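The values are calculated or read from the model by the stated rules, or taken from the named source; none is laboratory data. On a predicted model such as this, the values are computed, not experimentally measured, just so you know. Here the Cβ is made from the backbone with ideal geometry for all residues, glycine too, and neighbour counts use every protein chain on show. We work out accessible area using only protein heavy atoms, side chains counted, and drop any ligands, DNA or RNA first. Shrake-Rupley method; radii C 1.70, N 1.55, O 1.52, S 1.80 Å.
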Amino acid sequence: LDLGLEDAGHEIILQVENDPHCVQVLQHHFPGRALRRDVAELTELPPETELLAAGFPCPDVSTINVSRPGLRFGTQTGLCAHVFRLLRQTRVPWVLLENVPGLLNWHMRDDPPQPPAISHVVSELEKLGYRWAHRVVGLTGFGIPQRRRRVFILASAHGDPRDVLLAPQAVCLGQCVEMHRRGEASMRDDVVGGFHEGDDSPSRDDGNAKGEIGRGKTSRDECVCVECALDAVASSATAKGEGGGFDRAVSACAHGARECYECFRTPPFVTPKRTVASIDLAEKRHGPMLDELFTLTTANGRRMCIVERRENGEGRRGMLHVEDAERLMGLPAGWTEPAYPLNVPGKPKRNIDYGYAALLAKNGGPRTTSAEEDDGDGDARAENTRRAFAAQMNEFAAATFKRFEKLGLAVAVPQARWLGERLMRPYDLKFSRAGDGVKFAVAVPGGPNAANGGVLDRRDRCVRRSSSDDDGGGTFEGILNEGILNDAGTDDLTVARSGARRRTLEKKNAPNRLVDDACLEAAAAASGWPDAAYNMRPALSWRGRFSLSNCGDAPVIRGFVPLGEFLRKKVEDMQECPLEQALGYVKRLRLAHVEIEPFVARALGEKQKGSAKARVPAGDGVPGTAEGVPGDVRCDASLETPLDVSSGGGVPGDGVPAGRVVWAPWLLGRGPPARRARVYWPALALHAHDDRDQIPPDAFTELLAKQRKSGPNGRVPSSATQTEITSDTHVLVVYFGDKTYEWCESDALLNFLEHRDELADQPLLRNRARFLRGVDSAAEWHAEQRRLGV
């Protein structure tokens, strides 16, 4: 937020930050500025303050937080009360607040439901006599490939906040590429709608202009796209040995014309030069995202995986680099390096050589020379080197973790810079869509108040209620109680019943219902707090509030840079993505029937049908190579005697160890089962579905043949030895150290690691060489799986 405002021309005179890591970043990049550590201890603002900008904590209202305690039960978001306390002492001309879109959502799990936090924020501003406007602004509209949407609330004691926040509206109808060629896309006044003071021929003034660019004076200080500006900063910082803001000397982009985000997502599609997918390995609600990055939070940055599509259709995975994450926030690479380690007074300052640490991590650690090995103290020196390397890697990992965490707290620089530029010229544009405003019918729309649908404005637009409506007994209650805005943030009201049937309000055929634009705007206003709203008469409290529909989250038109072209780190140079996390992610998505791009699935370690990458124990079965093995096998067989394997088969030298290591029940000795001893033998369990390509085909053949031999000739086995084998109840067990396998009930198997100490010392088996070899082989197999993260 500070960098964006300063780049726009504002002077930072006071900063308040209590996080020690963020404090070090601010002190490094904004030296000599007044910095206070606790907003609660701040009694008043400097008298010369013209703008108070604050990003107050979001955990209590964020939809990522499952509990969402809100202002009623939370302890963090409520810190915004200090902003209002300071405004009572000093009436600042302009106030800018920022938070997540969850600020607009009801807390319906509470009893009674808790209204959205923004209702409290704007109420406090109204009590202080401030006019206010708020809007959801996305980052993709500025050309950054990160889906990051934030709510910005702008209040003014004397001006019109709508002119700054709501007047700029970009609607591209395909003119973005031509704009880029002409250089108009980089102007600071590339807006749609409104006009410049002193301009004799405004582009449009009806508030619904599309595809027109406001003509104004071309600024000498034109901006290039964020990608080229960041590259210029990186090259300048390398030459000067320091970081900083954007290099204003850059006057042109180094690439050709690009489409805006909306055109990029609209057919016909243009294939990026480098196709990548972003993956949050801990996310369970959605699959990978192509050419964009999920919203960076305080927790997901370190688990963000990047998968790149190769020319052969395969994929390669790697973890997102923190410097690329900084650039995705509009910050120069290396901006957060001062965040870690913390400087302790009285102790020497510790520095982390990120380049050296990354090089060591990529090459697997330092190498000892032959002279050191020949030296008598070579072993001690090698051990010291290994310890130093481990300590360096721990410091490197801790620093990366902390930098990712602080990036999730930041405001994206392009959003802050745009707001700062608009505030530097607050009267250049005039809001001209007042006629489209829809007056609030209740203080807090949506939630329990959804039944009070309808609007009140000077044109007396209303939504007529039908007594013959089949949803909700002829009122809006049945429709709007379950109404939600769609994921794109538009104002089309969607009705969902039991998570299945969906339809829009305008498609609902109800008599006596006025279905037009006014109706849709009214329904959107009643269904929940709108994405854009304002109040120019704070003395009227909520009765002066208006919602504004069709106010997109892209206030400007910029060329969109796909994620693959935006990233500067190659996948080969990224940290390796753990295979265990990758496979777990794919498994969760498959269970949820989420579609995954084939190159992404292969890059994350999913075994394809017919693949021979996995292996089974040597001598314990024949690796399966047959295609078309049934996934759900039903056959009868005795589970008491293992089936002999005719040929052992070899083991591939590479690949991922298949199955899971377990302890399987074994009947020791000869004779009837009642007279034989029951012991546990180390074995490998192969699932009929997941490991079907590694199951020996003879296993199915022998069991099916045994079933065919059983008939009405009196040789049908007893029901005690008959077992229906399915993939849900049984697995194929391959015994270590023994050339046998059999189908066994899954519930009869024991975890190898948990029961190893007691079962490896069974009295009847402790002295048997074959059993001991099997235990050793199972331990090696399990260790190899753990090493590979399977």
* Asked: Taking the range 1-13 on its own, how many of its residues are open to solvent by less than 50 Å² (accessible area, probe 1.4 Å), over 26 Å from the mean Cα position of the chain (by Cα) and not small (Gly, Ala, Ser)?
  -> 4
* To do: Check off (1) of a type in the set (Gly, Ala, Ser); (2) within 25 Å of the chain's Cα centre (by Cα); (3) open to solvent by 10 Å² or more (accessible area, probe 1.4 Å) for residue 70 and give me the number that stays unchecked.
  => (3)
* **Subset of the range 530-550 [on the phi < 0 side of the Ramachandran plot and modelled with pLDDT under 90]** => 549
* Please name all residue pairs, on different chains or six or more residues apart, with Cβ atoms under 8 Å, provided the first residue is in the range 162-186 and is at pLDDT 85 or above and the second residue is open to solvent by less than 30 Å² (accessible area, probe 1.4 Å) and among the β-branched types (Val, Ile, Thr). => 167/191; 168/191; 168/192; 168/556
* Structure fact -> Of the listed residues (274, 309, 303), the one being modelled with pLDDT of 75 or more, in contact with a Pro (Cβ under 8 Å, 6 or more places away or on another chain), open to solvent by 30 Å² or more (accessible area, probe 1.4 Å) and more than 23 Å from residue 415 (Cβ to Cβ) is 274
* Output the residue which, of all residues in the range 130-158 that are in a loop (DSSP other than H, G, I, E, B) and more than 17 Å from residue 63 (Cβ to Cβ), is most open to solvent (accessible area, probe 1.4 Å). => 158
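Table: residues versus (1) in a loop (DSSP other than H, G, I, E, B); (2) surrounded by 23 or more Cβ atoms within 10 Å (Cβ to Cβ); (3) at pLDDT below 80.
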{"position": "661", "(1), (2), (3)": "no, yes, no"}
{"position": "665", "(1), (2), (3)": "no, no, no"}
{"position": "684", "(1), (2), (3)": "no, yes, no"}
{"position": "690", "(1), (2), (3)": "yes, no, yes"}
{"position": "693", "(1), (2), (3)": "yes, no, yes"}
{"position": "699", "(1), (2), (3)": "no, yes, yes"}
* Of all residues in the range 71-129 being outside any helix (DSSP H, G or I) and among the small types (Gly, Ala, Ser), which is farthest from residue 58 (Cα to Cα)? -> 129
* Name, by its number, the condition in (1) modelled with pLDDT of 60 or more; (2) open to solvent by less than 60 Å² (accessible area, probe 1.4 Å); (3) of a type outside the set (Val, Ile, Thr); (4) over 44 Å from the mean Cα position of the chain (by Cα) that does not hold for residue 761. => (2)
